Amino acid sequence: MPEGVTVKIDLARIRRNVEEISRRTRVPVLAVVKGDAYGLGIKPVVDAIADLVEAWCVFSAAEAVDAKLWERTGKGSITLSPPSTNNPKFYLKHHIRPAVTTVEQAQALRSAKPILCIDTGMQRFACPPSQVEAAFRAGDISEAFTQAFNIEHVRKLKELAGDARTLHAAATKLLDQPEAWLNAVRPGLAMYRGAMKVSAPLIEAHDTIGPAGYTGFITPRHGVILCGYSNGLKKGPCLINGQRRNILEVGMQSAFVEIAPTDNVGDEVILLGDGLTEEEVAAAWPATPQEVLVRLGKSGKQEYA
Ligand SMILES: *Cc1c(COP(=O)(O)O)cnc(C)c1O
């Protein structure tokens, strides 16, 4: 039994998630694999779902180039961050379509078939409404998107970009709203939900005597795991032998957990998965479910199934 943290990635679950999104929305999936596929590992993830998706969304072009997304999968990429270079040849060579946000970028990258990112409220990495028409013309642009977090942002995109172009807006948050599906969806989190299980065994189990730990916690009984804040862990819920427990204190590379009289050394402490959801952990930290995945994905040795 390994003493440290194990991160199990269920690639079949990611496939089922993507299939379910496709079936429900009936539009192409632009799979968001930025941040090393939210910590789940970009290469295994793209290999597992390449036949199900239209293209990859990365943050920077370097992510697509380093993971060789085109060579591995035969599917191109879209960058979501502002262009790192205005040389269209670079993007063409790597089968990347850059998201552009200004008239100048649109003009310079015209031959790389840029996509216009339109500001509908986020006020970051996006073209202001007043520049949209000029950018469309400068880049001969046929596709546009926005980072939408409510339906008003979707309506604004339609209003600004018109019906003649390919449009997409919905990330995970708007996947349950048909009006947001438009011509494609751009999910990240929704592809990865339930696919990561993080656990570490109890390496010690004690009946607690008085205040314990740095913080002087008081509890009937406590255990220790070899996972701490350097592994990305924060105080929150965990599961031990099927029961919800609390992480009492998080140190650099270890943590104290509340345990029952029957819990013992070697028992598995589940930090994510097996019914303990990203949302539940996120609410306790507090953080977004995306942050929970990215942190815990890097917390230990990754195993793929
Ligand atoms: C990260 C990102 C997404 C995916 O977001 P989720 O909420 O994880 O689905 C979609 N679109 C853009 C522009 C993004 O930056």
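Got at least one residue in segment 246-258 being within 16 Å of the ligand (Cβ to nearest atom), open to solvent by 20 Å² or more (accessible area, probe 1.4 Å), outside any strand (DSSP E or B) and out of contact with any strand residue (DSSP E or B) (no Cβ under 9 Å at 6 or more places or on another chain)? Please lay out each step first, then the result.
Narrowing segment 246-258 to residues within 16 Å of the ligand (Cβ to nearest atom): none.
So far as segment 246-258 goes, no, none of its residues is within 16 Å of the ligand (Cβ to nearest atom), open to solvent by 20 Å² or more (accessible area, probe 1.4 Å), outside any strand (DSSP E or B) and out of contact with any strand residue (DSSP E or B) (no Cβ under 9 Å at 6 or more places or on another chain).
Inside segment 276-305, residues that are of a type outside the set (V, I, T), assigned to a loop (DSSP other than H, G, I, E, B) and either within 17 Å of E3 (Cα to Cα) or within 16 Å of the ligand (Cβ to nearest atom) (or both) make up a count of 4. Against the numbered list (1) within 12 Å of the ligand (Cβ to nearest atom); (2) more than 22 Å from the chain's Cα centre (by Cα), A148 comes up short only at (2). Of the residues making up segment 259-275, just one is over 25 Å from the mean Cα position of the chain (by Cα) and assigned to a strand (DSSP E or B), namely E268. Each residue in segment 151-164 was checked for being modelled with pLDDT of 95 or more and either within 13 Å of the ligand (Cβ to nearest atom) or not aliphatic (A, V, I, L, M) (or both), and 8 pass.
Under the condition of being open to solvent by 20 Å² or more (accessible area, probe 1.4 Å) and either on the phi > 0 side of the Ramachandran plot or small (G, A, S) (or both), the residues counted in segment 152-172 number 3. Of all the listed residues (G236, G216), the sole one being more than 16 Å from the ligand (Cβ to nearest atom), within 23 Å of L296 (Cα to Cα) and either open to solvent by 70 Å² or more (accessible area, probe 1.4 Å) or modelled with pLDDT of 95 or more (or both) is G236.
What number of residues within segment 81-109 are among the small types (G, A, S), surrounded by fewer than 23 Cβ atoms within 10 Å (Cβ to Cβ) and under 12 Å from A135 (Cα atoms)?
Residues flagged as among the small types (G, A, S), surrounded by fewer than 23 Cβ atoms within 10 Å (Cβ to Cβ) and under 12 Å from A135 (Cα atoms) within segment 81-109 amount to 1.
The set of residues in segment 34-54 that are open to solvent by 10 Å² or more (accessible area, probe 1.4 Å) and in contact (Cβ under 8 Å) with a residue 40 or more places away in the chain comprises K34, G35, D36, Y38, P44, E54. Of all residues in segment 171-202, those satisfying the criterion of being within 18 Å of L116 (Cα to Cα) and more than 8 Å from the ligand (Cβ to nearest atom) are A180, W181, L182, N183, A184, V185. Would you please list the contacts, defined by Cβ atoms under 6 Å and residues six or more apart or on different chains, that run from a residue in segment 158-183 that is under 25 Å from Q131 (Cα atoms) to a residue that is charged (D, E, K, R) and within 13 Å of the ligand (Cβ to nearest atom)? These pairs meet every condition: H168/R186; A171/R186.
Looking only at segment 122-145, count every residue that is open to solvent by less than 30 Å² (accessible area, probe 1.4 Å) and more than 16 Å from the ligand (Cβ to nearest atom) and tell me the total.
To start, the set of residues in segment 122-145 that are open to solvent by less than 30 Å² (accessible area, probe 1.4 Å) comprises 126-127, 132, 135-136, 138-139, 141, 143-145.
Narrowing further to those that are more than 16 Å from the ligand (Cβ to nearest atom): 132, 135-136, 138-139, 141.
Total meeting the criteria: 6.
Just to be sure, is A205 aliphatic (A, V, I, L, M) and open to solvent by 70 Å² or more (accessible area, probe 1.4 Å)? No.
The values are calculated or read from the model by the stated rules, or taken from the named source; none is laboratory data. Nothing here was measured: the structure is a model prediction, and the numbers come from that model. Virtual Cβ from ideal backbone geometry, glycine too; neighbours counted across all protein chains shown. Remember, those area values only see protein heavy atoms, side chains included, never the ligands or the DNA or RNA. Shrake-Rupley method; radii C 1.70, N 1.55, O 1.52, S 1.80 Å.
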